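Visitor: Dumping the structure here so I can ask a few things about it.
The values are calculated or read from the model by the stated rules, or taken from the named source; none is laboratory data. Keep in mind it's a predicted model, so treat the numbers as computed, not measured. Positions of Cβ are backbone-derived with ideal geometry, glycine not excepted, and every protein chain shown enters the neighbour counts.
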Amino acid sequence: MAHADDVNGTGSVTLQVHATGTVSNPHLAGSGSAANADLRIPSFQPNIKIDAAQIKFEADSAGIDNAAFHVGKSNWQGSIKLRNFANPRIAVSLKADRLSNVEMQSWFAPGNGAGKPIAVTGDIAIGTMQLNDLSLRDLKSGIVLRDKLLTLEPLSAAVYGG
C-alpha cells in the first residue's frame, strides 16, 4: 500500500472499510468522511486544512469527493481518485479561487525525490493565477504530472482583461 511515514494530523475522520487480499494487493470496500482536519506532510508545506470530504474505497482504489480544503492562501474544491495502490495513478478534478507560482514553489521540500513515481492526470480550474508579474483569470486546463514534469494542456485563460 502507499507509504505514509510521518504523515499526521488532527480533526475528525470516520471510516468504515472492509479489506481482503494481501498488503501488497489489497481489495477494499467502504466509505468515510473527514471534517475540520489539519493534515501535516513533512515533504509538503504548508499543512492541508480540510473543511469536508467524502471518502470511498472500491477494490484497488480510493477516492475523495466533494472535498473542500485550503493549501496556503488557496481555497480548493473537487475530487481526487487514487487507483492501483502498488503502482499509484491519481486522477483529479480541482478548482481553486487563486494560486501563485511563487507560493507553490515554497510548498515542496528541496531534494524530495525519494519514493515511487506517481502519475497525476485530470483537470484544473483557477479563478486567479499569478505567474510572477503576469495575472491570469479563469484559467482552465488539463493536467498531467509525470516524472516531476507538469504539463498543462489545453490551457485557456483571460489575460489583461480579455
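Visitor: Taking region 1-30 only, how many residues are of a type in the set (Gly, Ala, Ser) and surrounded by 15 or more Cβ atoms within 10 Å (Cβ to Cβ)?
Guide: The qualifying residues number 1.
Visitor: Here is a follow-up. Considering every residue within region 51-63, establish whether at least one is within 12 Å of the chain's Cα centre (by Cα), in a strand (DSSP E or B) and in contact (Cβ under 8 Å) with a residue 24 or more places away in the chain.
Guide: Within region 51-63 (the criterion being within 12 Å of the chain's Cα centre (by Cα), in a strand (DSSP E or B) and in contact (Cβ under 8 Å) with a residue 24 or more places away in the chain), the answer is no, since none of the residues qualifies.
Visitor: Within region 34-43, can one find any residue that is among the small types (Gly, Ala, Ser), part of a loop (DSSP other than H, G, I, E, B) and surrounded by fewer than 16 Cβ atoms within 10 Å (Cβ to Cβ)?
Guide: Yes; the residues of region 34-43 include at least one that is among the small types (Gly, Ala, Ser), part of a loop (DSSP other than H, G, I, E, B) and surrounded by fewer than 16 Cβ atoms within 10 Å (Cβ to Cβ).
Visitor: For a quick check of your reading of the model, give me the residue pairs whose first member lies in region 27-41 and is more than 14 Å from residue 64 (Cα to Cα), whose second is in a strand (DSSP E or B) and among the basic types (Lys, Arg), with beta-carbon atoms closer than 7 Å and at least 6 apart or on different chains.
Guide: 38/49
Visitor: Same structure again: Check whether at least one residue in region 128-135 is among the charged types (D, E, K, R), more than 17 Å from the chain's Cα centre (by Cα) and modelled with pLDDT under 95, and report yes or no.
Guide: yes
Visitor: If you take the residues in region 44-58 that are among the polar types (S, T, N, Q) and either out of contact with any strand residue (DSSP E or B) (no Cβ under 6 Å at 6 or more places or on another chain) or surrounded by fewer than 16 Cβ atoms within 10 Å (Cβ to Cβ) (or both), which one is farthest from residue 11 (Cα to Cα)?
Guide: Out of the qualifying residues, it is 45.
Visitor: Given (1) surrounded by fewer than 16 Cβ atoms within 10 Å (Cβ to Cβ); (2) at positive phi; (3) in contact with a helix residue (DSSP H, G or I) (Cβ under 9 Å, 6 or more places away or on another chain), identify the lone condition not met by residue 72.
Guide: (1)
Visitor: Out of (1) over 21 Å from the mean Cα position of the chain (by Cα); (2) β-branched (Val, Ile, Thr); (3) surrounded by 14 or more Cβ atoms within 10 Å (Cβ to Cβ), the odd one out for residue 159 is which?
Guide: (3)
Visitor: Which residue out of 65, 60 is at pLDDT 95 or above and acidic (Asp, Glu)?
Guide: Only one candidate qualifies: 65.
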